[in-house]
1. Treating the beta-carbon of each Lys and Arg as +1 and of each Asp and Glu as -1, no other charges, what is the dipole magnitude of the chain about its Cα centre, to the nearest 20 debye?
2. For ALA84, what charge total do you get from the other residues with a beta carbon under 13 Å from its beta carbon, if Lys and Arg give +1 and Asp and Glu give -1?
3. Among TYR68, VAL24, THR50, which residue has its Cα positioned farthest towards the positive end of the charge dipole of the chain, with +1 placed on the Cβ of Lys and Arg, -1 on the Cβ of Asp and Glu, and the dipole taken about the Cα centre?
4. Using a probe radius of 1.4 Å on heavy atoms only, what accessible surface per residue do you get for the chain? Whole Å² is fine.
5. Can you give me the % of accessible surface on the chain that is carbon or sulfur? Probe 1.4 Å, all protein chains present, nothing else counted.
6. In square nanometres, what is one fourth of the surface area of the convex hull spanned by the alpha carbons of the chain?
7. Once phi is turned into θ = phi - 60°, what whole-Hz ³J(HN,Hα) does the Karplus curve with 6.51, -1.76 and 1.60 give for every residue of segment 31-36, x standing for Gly and Pro?
8. Check cross-link reach from LYS61 to the lysines: straight Cα distance under 25 Å, and skip same-chain residues fewer than eight apart.
Amino acid sequence: MPKIARIPITNVYMGGDYTGRILVGEKQTPLNVILDTGSSALALNGDKYTPDFGAGDQATKLAQTDSYGDGSTWTGAVIKATVAA
């Protein structure tokens, strides 16, 4: 059974969008992320988090593209990493 994590949320950082702080990777890098309830993806900015393959992050052969109602899009590699609250 998956572990449940409670993430305190705020709407301070994104002008009305909800964000939460999570810990990513074996080094538990803290990141504020947008909590998009209409998406199944957790997308991280490559300027904020660089996968550490030597510490446990795992590359996959997958990529994902997502688009939003405002016309913006993103495409990125799918990486397997530990995420905690």
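1. Working: 7 positive and 8 negative charges, 67 e Å.
Here the chain has a charge dipole of around 320 debye.
2. On the way: positive: LYS3, ARG6, ARG21, LYS27; negative: GLU26.
Surrounding charge for ALA84 is +3.
3. Value: VAL24.
4. On the way: 6690 Å² over 85 residues.
Accessible area per residue, the chain: 79 Å².
5. Working: 3480 of 6690 Å².
After summing per-atom areas, the C and S share lands at 52 percent.
6. Values: hull surface 26.2 nm².
So the mean shadow area of the Cα hull is 6.6 nm².
7. 9, 8, 10, 6, 9, 9
8. Partners within reach: LYS27, LYS48, LYS80.
The values are calculated or read from the model by the stated rules, or taken from the named source; none is laboratory data. Nothing here was measured: the structure is a model prediction, and the numbers come from that model. No Cβ is skipped: glycine too gets one built from the backbone with ideal geometry, and neighbour counts run over all protein chains shown. For the accessible areas, the whole protein counts, side chains as well, though only heavy atoms, and no ligand, DNA or RNA atoms are used. Shrake-Rupley method; radii C 1.70, N 1.55, O 1.52, S 1.80 Å.
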